[in-house]
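J.: My structure is below; once you've seen it, I'll send some questions.
The values are calculated or read from the model by the stated rules, or taken from the named source; none is laboratory data. Everything numeric in this text was worked out from a predicted model, so none of it was measured. Here the Cβ positions follow ideal geometry from the backbone for every residue, glycine too, while neighbour counts run over all protein chains shown. To get the accessible areas, we keep the full protein, side chains included, count just its heavy atoms, and leave off ligands, DNA and RNA. Shrake-Rupley method; radii C 1.70, N 1.55, O 1.52, S 1.80 Å.
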Amino acid sequence: MRLSLLKPERSLLVAAAALLLSLASPAVHAHGPTPQKAQASITIAAPPDVIWKLVSDFGAIGIWHPDIKAVRSTGSGDETERVLVLEKGEITDSLDERDDKARHLSYRLGQENVEAFPVSFYTATMTVTDAGNGSSTVDWAARLYRGDTSNFPPDELNDEAATTAMTQFFTDGLSGLKTKVEAASAPASH
Amino acid sequence: MQRLLRRCGSLALASLLPLIASPLHAATLLVVCQAGAAVSVVDTATLSETHRIPLAAGPASLIHVPQTHSVYVTHPDAGLLSRIDAQNLTNVTTVPIGGQPFGITADDQQLYVGDWSANTVRRFHLPDLQLTGTVAVGPGPAGLALDPERQELYSADREGGTVSVVDLVTLQTRATIPVGTAPYAFDTSKPQAILNVADVRKGRIARVDKARHTVTYLPTGKMPYGLATDTQTGRILVANQQSATLALVDPARPHRTLQLPAGTAPESVIVDSPHRRAYVTDWFADQVLVVDLEKGAVTAAIPVAAGPRNLIFLPGS
């Protein structure tokens, strides 16, 4: 079918139908074809086991992450979920794997809320490694999809907005973790 | 002595045979890198990237069509389709086809391209890329596969949890088979009676009987994004992205699955069975991992352009 062969009223009809279709289809999909990367890391002056104790407690992220107002944790083992209460609303994470030996945690976004956090889906990992001399490195990384996975997302839901929000969430969290751990392990002053 | 020589001779010959018999000797790997907007060309003899073919933004999937000496590449975000000259691996032409073209497959005369957000598969005639038909499939078509003998096209409907079966003659959907939550990629190693599809949410392979449309399952690991069969052993290799492992699954012994550590975020896998090797894209680390199937270990990592997603063999040059 070639559009140029259509009578004007027919092509108007086609255009109207296309518009209706585009309005009817949801603007936001849970997942899309183009993943993005976000990562951050920090060195903390404390042994890995001390940090892992905090990080591995999936529902206790609120203790050290400054962007999280509250956390509601449910379930146990691989069924563990945490509802993160952020400034603009809630999102839910679900735990995939906790490996105490490797000090490695993996989880995914269970319930998105792009108004609260402009990412429609992510999988993330957190790893604590020994950096020597009683210090550790914490790596936080994610594979994520923009808030609006259509090809014409608004600025606040595009790849850049998603990557920026995720990276900010990681860097804020890691500096919060560093502050918490180093304050606790610092020798008491007299 | 003569006997010994003869034995050595036949041994040497036997060890040479797989090389001679294999069409993949000195094959080139083409690795499509989404963030890097390029196809990385990798020499499997030297295990190094020889050059990069720059492309338009966000290339995702690719297919080689020997008859047209072409490699076709989809660009979902830009609504583009690129054609790379497979003979010189340099010349590229890019055409706007609109929509969110993602999955791609082909036979000698037709190219089939999934549209992720329109929930369709479009058919383009080769080599002129004339659109000759469109068929509705389930939501979020990701992987596509063909069975030329059955004259069927299969679509892994990522957002619908189904596999759509399309009749290639009529270009109509013949069946929609529920397989799980998020079927993403097919094993396209070779058409067989069973169609293996990785379900990224369920962490398993759904095995669809093409004749009966019945489904059985094999557990794999977290977020399986790619899979391929080792034809010499019958094992299915699965790239588990969230587990960061390559699973070696024996369909006859599903409880004996081996999990090899495989980089940071393994995405897709292909197998060179005669040479006992597999190649895995490590999306997060921008590299292709080389797996020695006899040793059961990653033996090399080849740096490529950013965000490697899919890879194919380009047979002997």
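J.: Can you pull the one-decimal nm distance between simple spin-label points at A:VAL50 and A:ALA116, each 7 Å off the Cα toward Cβ?
T.: 3.3 nm
J.: Further, regarding this structure: Take the Cβ-Cβ distance between A:ASP78 and B:ASN88 as r, set R0 to 51 Å, and report the resulting FRET efficiency rounded to the nearest 0.05.
T.: 0.50
J.: Right, another one. Taking a threshold of 18 Å on the Cα-Cα distance, which of the pairs A:LYS101/B:LYS295; A:LYS88/A:LYS178; B:LYS222/B:LYS295; A:LYS53/A:LYS101; A:LYS53/B:LYS222; A:LYS53/A:LYS178 fall above it?
T.: On the way: A:LYS101/B:LYS295 24 Å; A:LYS88/A:LYS178 25 Å; B:LYS222/B:LYS295 24 Å; A:LYS53/A:LYS101 12 Å; A:LYS53/B:LYS222 24 Å; A:LYS53/A:LYS178 13 Å.
Too far apart for the 18 Å limit: A:LYS101/B:LYS295; A:LYS88/A:LYS178; B:LYS222/B:LYS295; A:LYS53/B:LYS222.
J.: Out of B:PRO59, B:ASN240, B:LEU126, whose Cα points farthest toward the positive end of the dipole of chain B (charges: +1 Lys, Arg; -1 Asp, Glu; placed on Cβ)?
T.: So the residue furthest toward the plus end is B:ASN240.
J.: Please compute how much accessible surface disappears when A pairs with B, both sides summed, using a 1.4 Å probe, and round it to the nearest 100 Å².
T.: Numbers: alone 11090 and 13920 Å², together 22910 Å².
Its buried surface, counting both partners, is about 2100 Å².
J.: Now for a separate question. How long is the gain from A:THR164 to A:THR179 if the chain were fully straight, where each residue apart is worth 0.36 nm and the alpha carbon distance is subtracted?
T.: Roughly 3.2 nm would be gained on extension.
J.: Report the extension gain between A:VAL85 and A:ALA60 in nm, rounded to one decimal, defined as 0.36 nm multiplied by the number of residues separating them, less their alpha carbon distance.
T.: Length gained between A:VAL85 and A:ALA60: 7.7 nm.
J.: Suppose every Lys and Arg Cβ carries +1 and every Asp and Glu Cβ carries -1, with no other charges. What dipole size does the protein assembly as shown come out with about its Cα centre, to the nearest 20 debye?
T.: For this selection, approximately 1300 debye.
J.: Let me have the 222 nm mean residue ellipticity of chain B computed from DSSP H runs of 4+ only, each contributing -39500 (n - 2.57), with the sum over all residues rounded to the nearest 500.
T.: Estimated from H runs of four or more residues: -2000 deg cm²/dmol.
J.: How high is the FRET efficiency between B:ALA306 and A:GLU156 when r is their beta carbon distance and R₀ equals 35 Å, given to the nearest 0.05? Walk me through the numbers on the way to the answer.
T.: Numbers: r = 25 Å, r/R0 = 0.71.
Efficiency at R0 = 35 Å is approximately 0.90.
J.: For the protein assembly as shown, with the dipole built from +1 on Lys and Arg beta-carbon atoms and -1 on Asp and Glu ones, taken about the Cα centre, which of B:LEU171, A:PRO47, B:VAL249 lies farthest toward the positive end?
T.: Value: B:VAL249.
J.: Please determine, in degrees from 0 to 90 and to the nearest 10, the orientation of helix B:2-21 with respect to the longest principal axis defined by the Cα atoms of chain B, where the helix direction is its Cα long axis.
T.: 10 degrees
J.: Ignoring ligands, DNA and RNA, please state the percent of accessible area on the stretch A:31-185 from carbon and sulfur, probe 1.4 Å. Walk me through the numbers before you get to the answer.
T.: On the way: 3220 of 6740 Å².
Of the solvent-accessible surface of the stretch A:31-185, carbon and sulfur hold 48 percent.
J.: Projecting each Cα onto the charge dipole of the protein assembly as shown (Lys/Arg +1, Asp/Glu -1 at the beta carbon, about the Cα centre), which of B:ALA285, A:THR125, B:ALA262 comes out farthest on the positive side?
T.: About the Cα centre, the residue reaching furthest to the positive side is B:ALA262.
J.: Also: Between B:GLN172 and B:TYR217, how high is the FRET efficiency from 1/(1 + (r/R0)^6) when r is the Cβ-Cβ distance and R₀ = 22 Å? Nearest 0.05.
T.: For B:GLN172 and B:TYR217, the calculated efficiency is 0.20.
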